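Have a look at the structure below, then the notes.
The values are calculated or read from the model by the stated rules, or taken from the named source; none is laboratory data. Being a predicted model, the structure only gives us computed values, none of them experimental. Reconstructed Cβ throughout: ideal geometry from the backbone, glycine too, with neighbour counts over all protein chains shown. Keep in mind that these areas ignore ligands, DNA and RNA; they rest on the heavy atoms of the full protein, side chains included. Shrake-Rupley method; radii C 1.70, N 1.55, O 1.52, S 1.80 Å.
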Amino acid sequence: MGLSTTRRTPLSDQVIAQLRAQITSGEWPVGSRIPTEAALVEQLGVARNTVREAVRALAHNGLLDIRQGSGTYVLATSELAGVMHRRFADADQEQVAELRSMLETSAAGLAAARRTDRDLELLETALARREAAWTAGDPEDFVQADAAFHQAVVATAHNDVIAAVYADLGEVLRAHLRHDVGPELIAEKYLGHGGILEAIRRGDAAAASYEAGRSIGNCKGDG
């Protein structure tokens with residue numbers, strides 16, 4: 001990942017643009033840890049202070065989360081998503097659940113009516129990854145995999161506006177999932193999401209909406 005040649009100054013702006021591109025392109029997915037400061041210095045061929053300034057700027061904009069002793073993680077894919085995260089960081093979780101219900105039940109219904117064979121393949125893959133994360137037993141990995149499955153359902157609705165709003169609310173919704181899941185995965189709280197996929201596969205909009213709504217507040221595990 002060498003720094004692209006450009007005439008823009010100062011140099012920190014070039015680095016900010018380069019790092020932002022890694023995030024928005026998906027090369028650094030939400031929740032992933034970015035390369036260390038030393039690695040970025042080597043990859044970009046710039047001074048450590050320049051890299052540090054760029055990372056801090058992106059953290060200020062809400063794209064990155066600097067965790068002392070752990071590293072720097074991708075928090076959002078756009079500045080608007082970062083703003084939404086800060087704006088609703090202390091939101092009432094029941095109200096966030098209501099928001100999720102509005103978005104996800106509507107999206108699931110549309111997905112049942114509009115899904116393609118390719119959509120079904122992507123949903124199956126997302127569901128399998130969610131299952132693998134549950135089996136592995138790491139709560140944060142499960143949250144990320146669960147969020148990815150719901151994102152895939154929203155994408156299957158083929159409504160760019162809903163998808164954009166959902167993406168900008170991504171970290172707000174993942175925070176709700178963390179609250180919902182808790183600090184450990186408990187078998188007694190296991191609730192399947194396979195019904196969502198099957199209803200979408202059958203083209204049953206009412207059932208897909210119902211299954212999606214049923215998962216809100218009970219998004220642990222799958223079957």
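Computed 3J(HN,Hα) for region 154-165, one whole-Hz value per residue from the Karplus formula 6.51 cos²θ - 1.76 cosθ + 1.60 where θ = phi - 60°, is 4, 4, 5, 5, 6, 10, 5, 5, 4, 4, 5, 4, glycine and proline marked x.
With a/c under 1.5 counting as rounded, go ahead and sort region 134-223 into rounded, prolate or oblate using the C-alpha gyration tensor (a ≥ b ≥ c being the square roots of the eigenvalues; past the cut-off, prolate if a/b is larger than b/c, else oblate). Because a/c hits 1.5 or more and a/b fails to exceed b/c, region 134-223 counts as oblate. Per residue, the chain reaches -20500 deg cm²/dmol at 222 nm when only DSSP H runs of four or more residues are counted, each adding -39500 (n - 2.57). Between rounded, prolate and oblate, where does region 131-171 land on the alpha carbon gyration tensor, with a ≥ b ≥ c its root eigenvalues, rounded for a/c under 1.5, else prolate if a/b exceeds b/c? Verdict is oblate for region 131-171. Spin-label model, Leu11/Ala132: points 7 Å from Cα along the beta carbon direction are separated by 4.0 nm.
For region 43-106, the relative contact order comes to 20 percent (Cα pairs under 8 Å, sequence separation of at least 6). Sequence-distant contacts, meaning Cα pairs under 8 Å at least 6 residues apart, place the relative contact order of the chain at 21 percent. Distance between the modelled labels on Leu120 and Ala39, one decimal in nanometres: 3.9 nm (7 Å Cα→Cβ projection). Counting only the Cα atoms, the chain fills a convex hull of 133 Å³ per residue. For the chain, the solvent-accessible area with a 1.4 angstrom probe is 51 square angstrom per residue.
For region 16-22, backbone phi angles converted through the Karplus equation (6.51, -1.76, 1.60; θ = phi - 60°) give residue-by-residue couplings of 4, 4, 5, 5, 4, 5, 4 Hz, Gly and Pro being listed as x. For region 10-75, the fraction of 1.4 Å probe accessible surface lying on carbon and sulfur atoms is 47 percent.
Highest mean first, the peptides 138-147, 39-48, 95-104, 180-189 sorted by other C-beta atoms within 10 Å per residue fall in the order 138-147, 95-104, 39-48, 180-189. Taking square-rooted eigenvalues a ≥ b ≥ c of the alpha carbon gyration tensor, is region 70-202 rounded, prolate or oblate, where a/c under 1.5 means rounded and, failing that, a/b exceeding b/c means prolate? Here region 70-202 falls in the oblate category.
Stretching the chain fully between His179 and Ser32 yields a gain of 51.0 nm (0.36 nm per residue, less the alpha carbon separation). Computed about the Cα centre, the dipole magnitude for the chain is approximately 640 debye when only Lys and Arg (+1) and Asp and Glu (-1) carry charge, each at its Cβ. Packing around the peptides 129-135, 30-36, taken as the average count of other Cβ atoms within 10 Å per residue, puts them in this order, highest first: 129-135, 30-36.
Evaluated over the Cα positions of region 156-202, the convex hull gives a direction-averaged projected area, one quarter of its surface, of 4.4 nm².
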